[in-house]
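The structure appears right after this line, and notes come after that.
The values are calculated or read from the model by the stated rules, or taken from the named source; none is laboratory data. Please read these numbers as outputs of a predicted model, since none were measured by experiment. Positions of Cβ are generated from backbone atoms using ideal geometry, with glycine treated the same way; all protein chains shown enter the neighbour counts. Note: accessible area is taken over every heavy atom of the protein model, side chains too, but ligands, DNA and RNA are not part of it. Shrake-Rupley method; radii C 1.70, N 1.55, O 1.52, S 1.80 Å.
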Amino acid sequence: MAGRNHLYVPGPTNVPIEIMSAMNVAMEDHRSPTFPNLLTPILQDLKKVFKTETGQCFYFPATGTAGWEVAITNTLSPGDKVIIYRYGQVSHLWAQMCKRLGLDVEMYEQTWGLGLPVDKLEARLKEDTNHQIKAVLATHNETATGVTTNIGLVRKAMDAAQHPAMLFVDGVSSVASIDFRMDEWGVDAAISGSQKGFMLPAGAAILAFSQKALKATETAKYPRCFLDLTDQMNNNKDGSTPYTPSIPMLYGLRKALDLLLAEGLENVYARHFRLAEGVRKAVAAWGLTTCAQEGLASNTVTAVVVPADKDARHVISHAYKKYNLSLGGGLTELAGKVFRIGHLGDLNEISLLGALAGVEMAMLDSGIAITPGSGVAAALEYYRSTAQ
Ligand code: PLP
């Protein structure tokens, strides 16, 4: 098919040409005396993206899922109690990992479309007077439902309960695109990945740990090897890695950081908000709703609910086959009920308007009664009226 595939899944995201060019490099010796000049500034600059001065950043040749495992196995011990609310497929999978690793998982169901219930968390933590709960696990941006949880309020709830548990935050689909404040929110382990806001291929788990979490590595009893933080720390202090890193990925990450920091993080967040807001205007103009309930909508992904007698899977497969447009599917409980538009990373108004036009065509072809052009018109008017 002529023209490019239009990639609007919530990760992997489009890789900017500058990053692709930066990754097109000859291999280098990662034990050379100059390699630290590449790695050390990357680890330092990552701190700016996580907004931490006191924490430490890490790069693992893995994915976000491994990032969860790094956080768990390096700071906890088998049988430790953790608390997690299940409000989408991401938090579901994180809870499953905790169970499979033998943690004592206190998991509560939450409606998909809502975020972490901070009042309930506070009440539960207050009850836990013996401080059995060792970590609170929060998914900042639930990619499956397009819901963002206010992590500042999670921290407030933990403080109000005067509870010493660590706070682990999954920022895989928020860091580098939605406001993230590690130090201010008292996050102990922040987990992200390369293929979303960082605009890179998948293959890097990008993490930040507080001093409290790093201290916990000294007593954590999980056996660990490839994902051991201590090995990373011992090597990273001299600008090296415990094993062979992907050289192109590191050059890509260098370029991604340069692009993000040159744009300015606040501008990056504002761009994501504005683009997302246009998508939300489009959804309203179609007469449809988002899975995210009022006030919780994510700025990186929108899960659009199709009418009950229609199947969102048809919209997705048809968009791909007929219009070369990739949309995200509804996962497990949401299969067939929603399609997801990823709007993070390297995109602008025009590219997103193209995607919205493709969504309209696919919905019309799937028998969803929307007015042709209505969503595109609502989004473009919003973009015109808010253009700088
Ligand atoms: N956390 C979130 C919020 C995600 O969206 C994803 C994947 O999309 C993951 C974790 C898992 O990351 P990965 O697929 O890189 O292992």
* Residues in the range 30-78 that are over 14 Å from T241 (Cβ atoms), surrounded by fewer than 22 Cβ atoms within 10 Å (Cβ to Cβ) and of a type in the set (A, V, I, L, M, F, W, C): how many? -> 1
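Going through the range 55-112 one residue at a time, which ones are hydroxyl-bearing (S, T, Y) and closer than 30 Å to P41 by Cα?
Keep residues of the range 55-112 that are hydroxyl-bearing (S, T, Y), which gives 59, 63, 65, 73, 75, 77, 85, 87, 91, 108, 111.
Correct list: Y59, T63, T65, T73, T75.
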* From the set of residues in the range 79-110 that are polar (S, T, N, Q) and within 15 Å of the ligand (Cβ to nearest atom), which is least open to solvent (accessible area, probe 1.4 Å)? -> S91
* Selection count where residues are open to solvent by 70 Å² or more (accessible area, probe 1.4 Å), over 30 Å from the mean Cα position of the chain (by Cα) and over 16 Å from D309 (Cα atoms), scope the range 361-376 -> 2
* Determine whether I151 is within 16 Å of the ligand (Cβ to nearest atom) and in contact (Cβ under 8 Å) with a residue 40 or more places away in the chain. => no
* Within the group V25, V9, which residue is among the β-branched types (V, I, T), touching a Ser or Thr at 6+ places or on another chain (Cβ under 6 Å) and touching a residue at least 12 places away in the same chain (Cβ under 8 Å)? -> V9
* To do: Restrict the check to the range 55-69 and report whether at least one residue is touching a strand residue (DSSP E or B) at 6+ places or on another chain (Cβ under 9 Å), more than 16 Å from the ligand (Cβ to nearest atom), small (G, A, S) and closer than 14 Å to A189 by Cβ.
  => yes
* **Yes/no for A379 being touching a Cys at 6+ places or on another chain (Cβ under 6 Å) and either free of Cβ contacts under 8 Å to residues at least 24 places away in the same chain or not in a loop (DSSP other than H, G, I, E, B) (or both)** => no
* For V187: the one exception among (1) buried (at least 22 other Cβ atoms within 10 Å of the Cβ); (2) closer than 22 Å to L250 by Cβ; (3) within 16 Å of the ligand (Cβ to nearest atom) -> (2)
* Only residues that are part of a strand (DSSP E or B) and open to solvent by 50 Å² or more (accessible area, probe 1.4 Å): list them for the range 115-165, please. => K134
